[in-house]
Amino acid sequence: MNSEKPKLSSFLAWPVVGAALSFSVLALMTIGIFILPFALLGLFILLKWGGDRRSSVGLISGLGLPLLYVAFLNRDGPGTICSPYGNGGQQCMDEWSPWPWFLIGAALVATGIALFVRLRRALG
């Protein structure tokens, strides 16, 4: 077994793939179906040639990034939010509560980072 510390550069590649996978699932009925092949290709590349598989805990962090983005998009919710539009018009949208999205996204990002830090400390 290799007792060398997992590399930070390898860890940072995994959240990109995790974010792409999570986004493709969240947006599956629109653009997600077109993102999914690239996410799977990235996953294959990291598994085949990515080097340090111990850094794959970064995938967990990546899964939370699109959830944080959804929380940001719904930051004025919950409810119907109206804003000025064009020449005196008004645009109204229904927004969800951002808190469930934020809490789950933040928990996933923090879990991935905590596991990586713990793994690095355990190995040296």
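Bear in mind that the values in this text are calculations on the coordinates, not laboratory data. This one's a predicted model, so the numbers in the text were calculated from it and none came from an experiment. Please note: Cβ atoms are built from the backbone with ideal geometry, for glycine as well, and neighbour counts cover all protein chains shown.
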- Would you tally the net charge around W99, using a Cβ to Cβ cut-off of less than 15 Å, leaving W99 out, and scoring K and R as +1, D and E as -1? -1
- Might you report the magnitude of the Cβ-based charge dipole of the chain about its Cα centre, with Lys and Arg at +1 and Asp and Glu at -1, to the nearest 20 debye? 740
- Mean shadow area of the chain, taken as a quarter of the surface of its Cα convex hull (nm²): 9.5
- Query: Picking from V17, G105, G58, whose Cα lies most toward the positive end of the charge dipole for the chain (charges on Cβ: Lys, Arg +1; Asp, Glu -1)?
  - Reply: G58
- Taking Cα atoms, how many degrees apart are the long axis of helix 58-73 and the longest axis of the chain, rounded to 10 and kept between 0 and 90? 10
- Message: Expected output is a single nm value to one decimal: the length gained when fully extending between M93 and A27, i.e. 0.36 nm times separation in residues minus the C-alpha distance. What is it?
- Response: 21.9 nm
